[in-house]
Amino acid sequence: MNQSKQWFQQTIDQTFSALKTSETGLSEAEVKKRREEYGSNELAAKKQTTLLQKFIEQFKDLMIIVLIVAAVIAGVSGETVDAIIILAVVILNAIFGVFQESKAEEAINALMEMSAPIAHVERNGVVETVKSSDLVPGDIVHLEAGDIVPADMRLTSTVSMRVEEAALTGESVPVNKQTDVITDDNPPLGDRKNMAFMNANITAGKGSGVVIGTGMQTEVGKIAGMIDAAKDLQTPLQVNLQQLGKWLTGLILIIAAVIFGIGLMRGQESLPDMLLTAISLAVAAIPEGLPAIVTVTLALGTQRMAKRKALIRKLPAVETLGSTDIIASDKTGTLTQNKMTVEKSYLNGELADMKDSEIVLNSSLSKIMVLSNDTKFTDEGLAGDPTETALVQYFLNKDESVSDIIKQNKRIAELPFDSERKLMSTFNETADGDIFQMTKGAPDQLLKRVTQIEENGQVRPITDADREAILEANHTFATQALRVLSFAYRPVTAVPDPLTSENAEKDLIFVGLVGMIDPERPEVAGAVEEAKAAGIRPIMITGDHRDTASAIAKRLGIIGPDQANGVITGAELDDMSDEAFKKHVQDYSVYARVSPEHKVRIVNAWQSKGKVVAMTGDGVNDAPSLKAADIGIGMGITGTEVSKGASDMVLADDNFSTIVIAVEEGRKVFSNIQKALQYLLSANLGEVLTLFVMTLLGWQILAPVQILWINLVTDTFPAIALGVEPGEPDIMKRKPRGRKSNFFSGGVFGNILYQGLLEGLITLGIYWYAITFPVHSSYELAHGDALTMAFATLGLLQLFHAFNSKTVRQSLFKVGLFRNRTFNWAILLAFILLGVTILVPGFNSLFHVTSLTPIQWVTVLLAGFSIIVIVEIVKFFQRLFTKE
């Protein structure tokens, strides 16, 4: 085929020649031949992964591998129950991951389902109705209002044809189609007015076209390919957990090897005993409960967010929201209502807000708005061109009886809208037999045909001053990005014959102007302000024109009211290299007239700056960027199944402010996981230090069963309860963590070190005290008491330390000791389980402990509580010398 020019640059004859077809279409033999060459007009299905493959993928995470090793170690040491518990946690975590992610491959399937089911195609000069999948390049397809475009086409004829392409281009207003050659080299899809694209909707008129692309060769197919090729990014949470897993693995191996070697060199322990000691250390170092805690915390976060209209499709997306720096939002249907609305008027020489206007239905302006209009009334509501339905909806909102006016003014003839003259005229006959011509259209075109003007009910000749005032009002509306229509009429004795624009659309009486816009959602401006207060930068990305995008952005506060820069178009973006764009990406907050490729490029540019990007969208054109973003946010009501399938989160109410709510929940989830991690690792460090020093000093060490029991009791219940801590008051006043932050940021690593050392030293101090000042004279009993006291102290230290971990820097008494009921019950249960091992007869021999005297109990309780006092003092000085 001749591809020296793109299809929109070729004449109809050139297109026919390149495709070896004609107005009468292809023969059946040629269709069969081309189907074998090009395949079916369907999107290629992405290779699906089985549930088993998804399940196996869950075990490739390093942290999970570490846990499996821990289970093996527990099993080797004879702790079968603990091994089973650890493996159960791992398997449940994998099942939950498969459940959450099993729908991640739906985007391509949804695209396939969107395709038009049938097409009216001309073959051998006969119009046939065939499955759209049977179309081939060169087919001649006929289209009319209500049809879905079945393939990409170069239009060959149009009659008042308008096509709604918002799902593909992002432009909210239907495009007026024509057949003239377009000379630009690479105009945006929305400006290719002699083309019709697969899955677009015909809203008005009719036309024909020759198929130039099918299946994956269509614009929608290209998007499908981009979705298919998009790499699944790792979320900050996944990266952090992998880094933690690697760090822990190395540390565990080093510690176990060092202790094993020291023990053998000292010659005081046998090889089996030292192996058991190394296993104890490894068990102490591994936070077995972490994956369960992360999963439960994320799952509870998804439940809270679902109640607040944010539906999570992938668990890690909860936490990713909390680290978001940029929210790149589609305009149409996300920031705006995707519904044209009458907003301003120019009537009787005055500009007015239509919300406050007292225009009545029987006035000249209102009659033209309603009668020169092709809107249809259906059971589902108004149907037709969004601009025309907006005119009717304005009066319906005022509870005016529109249907009565239409019945009383019967349409007897019309001149349909034409993209060249940009006018529409109807002839309506009243019950008295009077005939009026009602005309609406572009102000500059209509004014050429006006000779009089109606002002306050009186008709007089129009003056040059009147024309200047009308054009000035039109300019004022245009600067506000309003879509402007002008209205005129004239009484006639009969419908002109012949009915042509030259005969009819002349000597008109001008009435007024009406300005319309797809308005912003009322709650969005507040949400934008909240996002900015939280350090998040909102970015608007749209297929609409620069002026429209700029006006909405100013109304929402995305850019300042007097800000002229900060807006860039897709064409300007094409002229910039990737390096130049990445260098200046922070200069732009509004992107207009962009294509799907541009959206992905914008997301990538921000990511190259180390920013975590959330992308919202509802159209097919948004799917690639939703996949490319760190978190894709689809619209649940107006969104296509394609955008939902490509998203990590779906807004059930399409409310931009719900994103801010979700960000707050995400920050809360990260903060709680961080608290749980600080608690777990400081506790485990305390255990490792205790065993390490005991081994070096030749003391009797805690048994694996004791370490495992402490881990099971203290790691599981309190740590999970920390995952449901209420958010701290200032959580939405902090700056976004960003991509480089991790669980150890914000002073957490330092806290883990000193708090772990503190736990270890206190435990060792109690052991030393018990063997130095024994209650029993027998060596075995004295060391038995010392070991029991160390065991009890270590457990109590961790339970008391759980209270410290309710906040990283704030005072425990400021955030509240007992406001988290789940935490209170978890601590109580853990205290009981720890006490059972010592207090309940029969458990002593199982856990190698002795019964303690009241004095010994008071000693270990005071030692355990001391960590709250010490950490509170440290936090006081941290707040004193560290800027929050």
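Residues in segment 529-538 that are surrounded by fewer than 16 Cβ atoms within 10 Å (Cβ to Cβ) and in a loop (DSSP other than H, G, I, E, B): Gly535 alone. Against the definition (touching an Asp or Glu at 6+ places or on another chain (Cβ under 8 Å), in a loop (DSSP other than H, G, I, E, B) and among the small types (Gly, Ala, Ser)), how does Gly727 come out, yes or no? Judged against the criteria, Gly727 is a match.
Suppose we keep only residues that are of a type in the set (D, E, K, R), surrounded by 14 or more Cβ atoms within 10 Å (Cβ to Cβ) and assigned to a helix (DSSP H, G or I) within segment 451-474. Which one would you say is farthest from the chain's Cα centre (by Cα)? Taking the candidates together, the pick is Asp466.
For segment 475-528, the set of residues classified as outside any loop (DSSP other than H, G, I, E, B), among the charged types (D, E, K, R) and modelled with pLDDT under 90 consists of Arg483, Glu520, listed by residue number.
The number of residues in segment 539-574 that are polar (S, T, N, Q), touching a helix residue (DSSP H, G or I) at 6+ places or on another chain (Cβ under 6 Å) and crowded, with 19+ Cβ neighbours inside 10 Å comes to 1. Taken over segment 373-401, the criterion of being in contact (Cβ under 8 Å) with a residue 24 or more places away in the chain and over 17 Å from Thr341 (Cα atoms) is satisfied by Phe377, Ser401. Gly209 meets the conditions (1) surrounded by 23 or more Cβ atoms within 10 Å (Cβ to Cβ); (2) within 36 Å of the chain's Cα centre (by Cα) in every case but one. The failed one is (2).
For segment 118-141, a tally of residues being surrounded by fewer than 17 Cβ atoms within 10 Å (Cβ to Cβ) and within 13 Å of Gly25 (Cα to Cα) returns 6.
Of all the numbered requirements in (1) small (Gly, Ala, Ser); (2) buried (at least 21 other Cβ atoms within 10 Å of the Cβ); (3) at pLDDT below 80, Ser745 misses one, and that requirement is (2). Is it fair to say Phe865 is surrounded by fewer than 16 Cβ atoms within 10 Å (Cβ to Cβ), in the same structural domain as Leu689 (by TED's automatic domain parsing) and in a helix (DSSP H, G or I)? Yes; evaluated as a whole, the condition is true for this residue.
Among the residues of segment 751-761, some residue qualifies, meaning at least one is farther than 26 Å from Phe881 by Cα and modelled with pLDDT of 90 or more.
When segment 315-330 is filtered for residues that are among the charged types (D, E, K, R) and at pLDDT below 75, only Glu319 remains. In segment 182-201, the residues that are closer than 20 Å to Asp574 by Cα reach residues that are modelled with pLDDT under 85 and of a type in the set (Asp, Glu) with C-beta atoms within less than 6 angstrom, at least six apart or across chains, in these pairs: Gly190/Glu171. What about Glu113, is it of a type outside the set (Val, Ile, Thr) and at pLDDT below 85? Yes.
Among the residues of segment 800-836, the one identified as closer than 22 Å to Thr763 by Cβ and of a type in the set (Ser, Thr, Tyr) is Ser805. When residues in segment 331-342 are screened for being buried (at least 24 other Cβ atoms within 10 Å of the Cβ) and at pLDDT below 80, 3 of them pass.
Checking Ile707, Ile762 one by one, the residue that is touching an Asp or Glu at 6+ places or on another chain (Cβ under 8 Å) and aliphatic (A, V, I, L, M) is Ile707 and no other.
Across segment 799-822, the number of residues qualifying as in contact with an Asp or Glu (Cβ under 7 Å, 6 or more places away or on another chain) and under 25 Å from Trp709 (Cα atoms) comes to 3. Look through Lys532, Lys583 and report the one residue that is under 23 Å from the mean Cα position of the chain (by Cα), charged (D, E, K, R) and under 26 Å from Gly738 (Cβ atoms). After applying the criteria, what remains is Lys532. One residue alone among Val860, Val849, Val836, Val840 is more than 19 Å from Glu725 (Cα to Cα), without any contact (Cβ under 8 Å) to a residue 24 or more places away in the chain and surrounded by 12 or more Cβ atoms within 10 Å (Cβ to Cβ), and that residue is Val836.
The values are calculated or read from the model by the stated rules, or taken from the named source; none is laboratory data. Fair warning: this is a prediction, and the values are worked out from it, not measured in the lab. Every residue, glycine among them, receives a Cβ derived from its backbone with ideal geometry; neighbour counts consider all protein chains shown.
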